[in-house]
Amino acid sequence: EVKRTGKNATRFFTPALNDATLARLQMESQLRAAIRSDGLNLHYQPQVNANTGTLTGLEALARWEDPELGVVSPGEFIPLAEDTGLIVALGTWVLREACRQASAWQLTVPVSVNVSPAQLVRADFPEVVRGILRRYGIRPSLLKLEITERLTILDPEQTSRNLQALQALGISFALDDFGAGQSALASLLNLPLTEVKLDRSLLTGVTEDPASWRVLSAVMDLARGLDLQVVAEGVETHQQLEVLRTLQCETVQGYLTGRPVPAEKITQRLQKWKLAASDEIDWT
Ligand code: C2E
Ligand code: MG
Ligand code: MG
Ligand code: MG
């Protein structure tokens, strides 16, 4: 009896598993092709001063629309790229495209690019970044690299050496998804960071629930105690913005002040600003 149940279970589950594996393998080869053939695309999301609405930076976010699969969300293809090692080639493509675009825009605020542990640990990473900056004539102070708290840093010594080499050039680093609660904070804080980006989960409930407010306030105190600038991510409502202003958060990024949009949309906004001939880009 037991044996037959086992056999049935096997018959029932094996084909499903195979389908999932096959689909994943197919997606992997489609993603590889997209990286090779400029099939990816970037959207950009503004970061603005919480009090003045002035543009302080743009975050580049990878997008993928496959001819067969349609739009695949970063929540799906980034983990796939991480698991398969494709993230190194993908990450280099993103860096190059973001710098090319920043140069075309003659951007005066930093462009932020997300980088993965697998990129940071490679001995050639500083040289790859330097080469891209040189190629597009981008000042290092106009590049910010975002490192997520969600993934474990590989070989902390090598990673730290790489980041210090890039910091010496003038590149800055932000700790992304801060407060998402997955990291060994002590080891991350050995890295040359200048900024933390509060995970948007920290904003949930802050306008109604005193406990949530106190957690946000404590996390901001922690960041300040470590001399780190604070960017709040995922700001969707005026009420959340008010709370962040009260807590003296410098910079916000979220649907309220601008969704991620294709480069052309940013170009239009920047042109309007240049016509206004003001020193600072008023984004709102
Ligand atoms: P992230 O770096 O933390 O980027 C912020 C994410 O929050 C983006 O999701 C953005 O679209 C979303 N977002 C921004 N404002 C709001 C808001 O007000 N409300 C809500 N609900 N969401 C908001 P996206 O573009 O889907 O990217 C997801 C994640 O994928 C990114 O999180 C980042 O970790 C990763 N990712 C994206 N592009 C790259 C890349 O080029 N390289 C690497 N390594 N990771 C990337
Ligand atoms: Mg998403
Ligand atoms: Mg990010
Ligand atoms: Mg984040």
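The values are calculated or read from the model by the stated rules, or taken from the named source; none is laboratory data. In this text, all values refer to a predicted model and were calculated from it rather than measured experimentally. Here Cβ is always computed from backbone atoms with ideal geometry, including for glycine, and neighbour counts include all displayed protein chains. Note: accessible area is taken over every heavy atom of the protein model, side chains too, but ligands, DNA and RNA are not part of it. Shrake-Rupley method; radii C 1.70, N 1.55, O 1.52, S 1.80 Å.
In percent, what relative contact order does segment 192-284 have, based on Cα pairs under 8 Å that are 6 or more apart in sequence? All intermediate terms of the calculation are to be shown ahead of the outcome.
Working: 94 pairs, mean separation 22.9, N = 93.
Worked out over segment 192-284, it gives 25 percent.
Would you kindly state how much longer the chain becomes between Asp83 and Gln248 on full extension, computed as 0.36 nm times their sequence separation minus their alpha carbon distance, in nm to one decimal? Each step should come with its number before you reach the end.
Values: separation 165, 0.36 × 165 = 59.40 nm, distance 3.84 nm.
55.6 nm is the gain from fully extending Asp83 to Gln248.
Could you tell me what percent of the accessible area of the chain is made up of carbon and sulfur, with a 1.4 Å probe and every protein chain present? Don't skip to the answer; put the middle values down first.
On the way: 7770 of 14850 Å².
Reported share for carbon and sulfur atoms: 52 percent.
Would you kindly state how much longer the chain becomes between Asp282 and Arg96 on full extension, computed as 0.36 nm times their sequence separation minus their alpha carbon distance, in nm to one decimal?
Details: separation 186, 0.36 × 186 = 66.96 nm, distance 2.71 nm.
Here the segment from Asp282 to Arg96 would lengthen by 64.3 nm.
Over segment 27-176, what is the mean sequence separation of C-alpha contacts under 8 Å (at least six apart), divided by residue count, expressed as relative contact order in percent?
On the way: 214 pairs, mean separation 29.1, N = 150.
Answer for segment 27-176 is 19 percent.
Considering Cα pairs under 8 angstrom that are at least six residues apart, work out the relative contact order of the chain and quote it in whole percent.
Values: 432 pairs, mean separation 53.2, N = 284.
Normalised by residue count, the contact order of the chain is 19 percent.
Could you check what % of the DSSP bridge pairs in the chain are antiparallel, to the nearest 5? Can you show the working numbers first?
Numbers: 17 of 40 bridges.
Around 45 percent antiparallel, to the nearest 5.
Leaving out ligands and nucleic acids, note down the accessible area per residue over segment 108-154 with a 1.4 angstrom probe, in whole Å².
Working: 2010 Å² over 47 residues.
Heavy-atom SASA per residue in segment 108-154 reads 43 Å².
Could you count how many Lys pairs in the chain have their Cα atoms under 27 Å apart, skipping same-chain pairs fewer than 8 positions apart?
Details: Lys144/Lys197; Lys144/Lys265; Lys144/Lys272; Lys144/Lys274; Lys197/Lys265; Lys265/Lys274.
Lysine pairs meeting the criterion: 6.
When a/c is below 1.5 the answer is rounded, else prolate if a/b is larger than b/c, else oblate, so apply that to the chain with a ≥ b ≥ c taken from the square roots of the Cα gyration tensor eigenvalues.
On the way: a/c = 1.62, a/b = 1.35, b/c = 1.20.
It is prolate, given that a/c is not under 1.5 and a/b is the larger ratio.
Roughly how many nanometres apart are two label points built 7 Å out from the Cα toward the Cβ at Arg150 and Arg36?
Distance between label points: 2.8 nm.
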